[in-house]
1. Could you tally the net charge around GLY76, taking each other residue with its Cβ under 14 Å from the Cβ of GLY76, Lys/Arg +1 and Asp/Glu -1?
2. Students often check this: by mean Cβ neighbours within 10 Å, which of 4-16, 24-36, 65-77 ranks highest, and how do the rest follow?
3. At what distance in nm do the modelled label points of ALA57 and ALA39 sit from each other, each positioned 7 Å from its Cα along Cα→Cβ?
4. Cβ under 13 Å from ALA20's Cβ, ALA20 left aside: what net charge do those residues give with Lys, Arg +1 and Asp, Glu -1?
5. Could you work out the local net charge near SER8, counting Lys and Arg as +1, Asp and Glu as -1, over the other residues with Cβ closer than 11 Å to its Cβ?
Amino acid sequence: MALAAEFSAQLRMIGEADAARVTHHLAEVGLPTHLQDIAGFAQEGLTDADALMALMAQDKKVKRGKLTFILLQAVGRAVIAPDVELRWFVIF
């Protein structure tokens, strides 16, 4: 969820303050906000964002080099974005 908020801000779908608000709330309730916080992340050979992207690129939902993401139009308003090009995705 934190990554979706950050990515939504990168795409200028939401403001950076809203993305920070989502991330702060998730951290406050004890949910992961960084890739390394996800249980099993390193054990699956996912050492960094590039490794995750390589894995995601193999997903059956990739169509013509584009991934489907759930992104935010506003805090509490998620949308399905079926045509996100991989070049836009930068993980913090």
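Read the figures in this text as sums done on the coordinates, not as results from a lab. Just so it is clear, the structure is predicted and the values come from calculations on it, not from any experiment. Counting neighbours? That spans all protein chains shown, and the Cβs are built from the backbone with ideal geometry, glycine included.
1. Around GLY76, the charge tally is +1.
2. Ranked from most to least packed, the peptides come out as 4-16, 65-77, 24-36.
3. Between ALA57 and ALA39, the label points sit 3.1 nm apart.
4. Surrounding charge for ALA20 is -3.
5. Here the count lands on -1.
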